[in-house]
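This report refers to the structure that appears directly beneath it.
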Amino acid sequence: RPSEPRGQHARRDGQLGRDISPSTYDLTAGPVSGGHLFSALSAGNRHACGISQTGPTYCWGYNNFGPLGQGGSDLSPHPTPGTVNGHHTFTRLGLGSGILAIDDASVAWCWGVNNAGQLGVGEAGFEESRYVPNTPLFPPP
């Protein structure tokens, strides 16, 4: 059921989608910044993503090795949801250290850290991380 997401037990990385002091652990539920309504949400280790009811996918939190899918990597918290690059219409999300999303044409897309080859893009290693959605190298069925 689509709803306004609420998060609690915040850490300093911004993964709850609201701006709090880096040294504060917020134990109260509160809305994610931006007023977005999401039809799907998924949380990774230090980041979160949601598919909005209006189409775009947003990610927020810690962006080391590019799990926010916005074209870069940095060591700063990003508590405000930002749009994932590529104008994709995703229907499903799975987050861990990397992100897997399925679009409305049933195509798989991956981004984020790839230290163990989890993105399926051919090579493994931190230097093989992807900062925007990429299609994995799955063999055709």
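Here are a few things to note about the model shown:
- Flag for Pro79 being modelled with pLDDT under 90 and part of a strand (DSSP E or B): yes
- Screening segment 121-137 for residues that are touching a residue at least 40 places away in the same chain (Cβ under 8 Å) and part of a strand (DSSP E or B) and picking the one that is least open to solvent (accessible area, probe 1.4 Å) gives Pro133.
- Residues that are open to solvent by 20 Å² or more (accessible area, probe 1.4 Å) and assigned to a strand (DSSP E or B) within segment 109-120 comprise just one, Trp109.
- Of all residues in segment 30-70, those that are at pLDDT 95 or above and at positive phi total 1.
- Filter pass, Leu68 being closer than 19 Å to Gly34 by Cβ, without any contact (Cβ under 8 Å) to a residue 40 or more places away in the chain and in contact with a strand residue (DSSP E or B) (Cβ under 7 Å, 6 or more places away or on another chain): yes
- Checklist (1) open to solvent by 30 Å² or more (accessible area, probe 1.4 Å); (2) at pLDDT 95 or above applied to Pro140, failing item: (2)
- When Thr80 is tested against the conditions (1) in contact with a Lys or Arg (Cβ under 9 Å, 6 or more places away or on another chain); (2) open to solvent by less than 30 Å² (accessible area, probe 1.4 Å), the lone failure is (2).
- Residue list for segment 39-70, restricted to those being under 15 Å from Gly86 (Cα atoms), open to solvent by less than 50 Å² (accessible area, probe 1.4 Å) and outside any strand (DSSP E or B): Gly55, Pro56, Gly66, Pro67, Leu68, Gly69
- Residues located in segment 91-107, provided they are surrounded by 17 or more Cβ atoms within 10 Å (Cβ to Cβ) and not in a strand (DSSP E or B): Ser97
The values are calculated or read from the model by the stated rules, or taken from the named source; none is laboratory data. Predicted model only: the values in this text are computed from it and were never measured. Backbone-built Cβ (ideal geometry, glycine too); neighbour counts: all protein chains shown. For accessibility, only protein heavy atoms count, side chains too; no ligands or nucleic acids. Shrake-Rupley method; radii C 1.70, N 1.55, O 1.52, S 1.80 Å.
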